[in-house]
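Data block below; observations after.
The values are calculated or read from the model by the stated rules, or taken from the named source; none is laboratory data. The shown structure was predicted, so the numbers you read here are calculated from the model rather than taken from an experiment. Please note: Cβ atoms are built from the backbone with ideal geometry, for glycine as well, and neighbour counts cover all protein chains shown. Note: areas computed on protein heavy atoms with side chains; ligands, DNA, RNA excluded. Shrake-Rupley method; radii C 1.70, N 1.55, O 1.52, S 1.80 Å.
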Amino acid sequence: MTEHLTIVDHPLVQHKLTLMREVETSTNSFRRLLREISLLLAYEVTREMGMTTKRITTPLCEMDAPVIEGKKLALVSILRAGNGLMDGILELIPAARVGFVGLYRDEETLKPVQYYNKLPDNLGDRLTIVVDPMLATGNSSAAAIDLVKEAGATNIRFLCLLAAPEGVARMKEAHPDVPVITAALDEKLNEKGYIVPGLGDAGDRMFGTK
Ligand code: URA
């Protein structure tokens, strides 16, 4: 993956995202759509995983068949909305190691403050996919990636559902080595830091809170 930003423009992804954006979409449907879309995004974000072969026997003969190489994958969810994106990916890759990073925004400094950090061992041996549905200012995403790098990760991707240009620019400045994969690049952030047109607060929409 050489591009810093990849937009997954597959028709199924775009159709499901449109349904998720609609204000009338229920919590139940939002969650189901997020799970479905995360499977499709997982397919894209893992496209360049290293491959090797394994000698197997089919009913007809022996062959060298392709398998994923090495220690494979770690998923890191930025709490809490990241969990919605992670659940679907885990259905596809159930052996992945899982980590969580919790960050909140200090209202005075506007900087992310860490309140939780539990990451898998041996991140240096794994493709590490950091997930958060909304790349808005990019401050918490960049801080989460600082933490996974401190824990040894070197091969990192950031996966989101929607990105704002401000967030993409912040990530490119802070972590030019980390490709960003998203379903859409929206127009802008509003004065409250929401992505416009966006889909609202992803955590509230998936958990039914306000
Ligand atoms: N987080 C959200 O959940 N929604 C936004 O629009 C921006 C950040």
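Here are the numbers for the structure shown:
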item	result
Helix 165-174 axis, angle to the chain major axis (alpha carbon atoms, nearest 10°)	60 degrees
Centroid-to-centroid separation of the stretch 175-210 and the stretch 86-121 [C-alpha atoms, Å]	16 Å
5 angstrom amide H check on Asn155, placed H, neighbours 5+ away	Thr128
Charge dipole (debye, nearest 20) of the chain; +1 at Cβ of Lys and Arg, -1 at Cβ of Asp and Glu	440 debye
FRET efficiency estimate (nearest 0.05) - Cβ-Cβ, Asp106 to Thr27, R0 30 angstrom	0.55
Extension reserve of the Lys149-Val196 stretch, reckoned as 0.36 nm per residue once the Cα distance is removed	13.9 nm
Carbon plus sulfur fraction of accessible area for the chain, probe 1.4 Å, in percent	52 percent
Distant-in-sequence amide H partners of Val98 (H built 1.01 Å from N, under 5 Å)	Leu75
Accessible area per residue in Å² at 1.4 Å probe, computed on the chain	53 Å²
Of the GluC sites (Glu not before Pro) in the stretch 78-130, those whose Cβ has at most 13 other Cβ within 10 Å and which sit in DSSP loop	Glu107, Glu108
Relative contact order %, the stretch 10-123, counting alpha carbon pairs below 8 Å whose residues are six or more apart	19 percent
Loop sites in the stretch 127-192: GluC sites (Glu not before Pro), DSSP, at most 16 other Cβ within 10 Å	Glu187, Glu191
Over 29 Å between alpha carbons, listed pairs Lys16/Lys71; Lys16/Lys210; Lys54/Lys149; Lys172/Lys210; Lys71/Lys192	Lys16/Lys71; Lys54/Lys149; Lys172/Lys210; Lys71/Lys192
Two-site FRET efficiency, Tyr115 against His15, from Cβ-Cβ distance with R₀ of 25 Å, rounded to 0.05	0.10
The chain, helix-only ellipticity at 222 nm - DSSP H runs n ≥ 4, -39,500 (n - 2.57), divided by all residues, nearest 500	-10000 deg cm²/dmol
